[in-house]
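Shown next, in structure tokens, is the structure this report addresses.
The values are calculated or read from the model by the stated rules, or taken from the named source; none is laboratory data. Note that this is a predicted model, so its numbers are computed, not measured. With ideal geometry, Cβ positions are generated from the backbone for all residues, glycine too; neighbour counts draw on all protein chains shown.
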């Protein structure tokens, strides 16, 4: 039998969800910029819950993956699914590590005292390992924060994203909605148990290769990702006018709420975060997926935000390392440091856009043309 190409065409995007991903990504950068001024206390953090963007990304990812692939498993193999996810995500993982290595020695400071004397071969080795997204143990860490990806901290969430995709392809795609719903309920209970009854009253963490941080990472991953899968399957979308703007305002408000309670009432903040992740994030996605954009300006805004959402998330943190070190070493107050902070934000967006247009899109197009067609003999 002659070989034929089966080209599985992509479905249309949810433009509003793309835009919301961009809103959340920009808020992550702003959160990390302002984190330099919190004096080591989460209670003094401005845009206090900006880290919940990761949990929102996981839910969005689960929704989009299920929408894109749930009805296609008769047309593609697991390896073809993995190839598609690698082509989508891996090029910018590699670029993020390269940028992290380029900026590494510029971050030498009292905050990161290891950097000045670090052997270049260790930085290069860390970068090469980072290309694979394999986590490194604390004993190999070259920064001092215990990160599994010390050149580019946020890559930890991509490590868990890949795990979620593997779990989906191996097991969860085969589950009925009822069985999936049972798992989602269990994962929600795990999340509540950790945030409300756990030691910290929040979901912060997941970026180190040790038992405690792995527990945080899986707790953050499992409910939102598979709740997103279930939400996509159920198709219970909400149709309202101005969905993008309503959802954007909700995200800004939810991320900006100050830390709730104090050191003696950590459970209060944990309860807030559980409610946001379990109820509000699915609500936002349901509204975003159910909304329509008819205004040309809103369409362009959503597209632009969606285009830069992943690049800005995965490349911004090397600049944050430098900015944090500068603020802390020089004891810079917010009133004197906010202009440089704005510069970091603008620089992050600019670098993300340049990476998107001159690297990510061309590389993905080449990889898609070369590898993303299944040959049947």
If a residue counts only when it is within 21 Å of residue 367 (Cβ to Cβ) and without any contact (Cβ under 8 Å) to a residue 24 or more places away in the chain, which helices (runs of 4 or more DSSP H) contained entirely in the range 1-110 have at least 1 such residues? 78-104
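Criterion first (over 20 Å from residue 154 (Cα atoms), modelled with pLDDT under 95 and not in a loop (DSSP other than H, G, I, E, B)) does residue 327 satisfy it? Steps first, please.
Values: over 20 Å from residue 154 (Cα atoms): yes; modelled with pLDDT under 95: no; not in a loop (DSSP other than H, G, I, E, B): yes.
So residue 327 does not fit the description; no.
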Of all residues in the range 208-226, how many are within 24 Å of residue 64 (Cβ to Cβ) and touching a helix residue (DSSP H, G or I) at 6+ places or on another chain (Cβ under 7 Å)? 9
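So is residue 354 assigned to a helix (DSSP H, G or I) and surrounded by fewer than 17 Cβ atoms within 10 Å (Cβ to Cβ) or not?
Numbers: assigned to a helix (DSSP H, G or I): yes; surrounded by fewer than 17 Cβ atoms within 10 Å (Cβ to Cβ): yes.
For residue 354, the condition - assigned to a helix (DSSP H, G or I) and surrounded by fewer than 17 Cβ atoms within 10 Å (Cβ to Cβ) - is met.
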Are any of the residues in the range 254-268 free of Cβ contacts under 8 Å to residues at least 40 places away in the same chain and in a helix (DSSP H, G or I)? no
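If you check 336, 360, which single one turns out to be without any contact (Cβ under 8 Å) to a residue 24 or more places away in the chain and assigned to a helix (DSSP H, G or I)?
From the options 336, 360, the qualifying one is 336.
Kindly indicate whether any position in the range 55-76 is touching a strand residue (DSSP E or B) at 6+ places or on another chain (Cβ under 9 Å) and surrounded by fewer than 19 Cβ atoms within 10 Å (Cβ to Cβ). Write out each step before concluding.
Our first condition is that a residue be touching a strand residue (DSSP E or B) at 6+ places or on another chain (Cβ under 9 Å); within the range 55-76, this holds for 75-76.
Subset that is surrounded by fewer than 19 Cβ atoms within 10 Å (Cβ to Cβ): 75-76.
Yes, because at least one residue in the range 55-76 is touching a strand residue (DSSP E or B) at 6+ places or on another chain (Cβ under 9 Å) and surrounded by fewer than 19 Cβ atoms within 10 Å (Cβ to Cβ).
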Only one of (1) in contact with a helix residue (DSSP H, G or I) (Cβ under 7 Å, 6 or more places away or on another chain); (2) closer than 26 Å to residue 159 by Cα; (3) surrounded by fewer than 16 Cβ atoms within 10 Å (Cβ to Cβ) fails for residue 299. Which number is that? (2)
Mind counting the residues in the range 196-251 that are under 22 Å from the mean Cα position of the chain (by Cα), part of a loop (DSSP other than H, G, I, E, B) and farther than 25 Å from residue 150 by Cα? 1
Based on this model, can you work out whether residue 161 counts as assigned to a loop (DSSP other than H, G, I, E, B), buried (at least 17 other Cβ atoms within 10 Å of the Cβ) and within 17 Å of the chain's Cα centre (by Cα)? no
Looking only at the range 210-231, decide whether some residue is farther than 30 Å from residue 179 by Cβ and either buried (at least 16 other Cβ atoms within 10 Å of the Cβ) or touching a residue at least 60 places away in the same chain (Cβ under 8 Å) (or both). yes
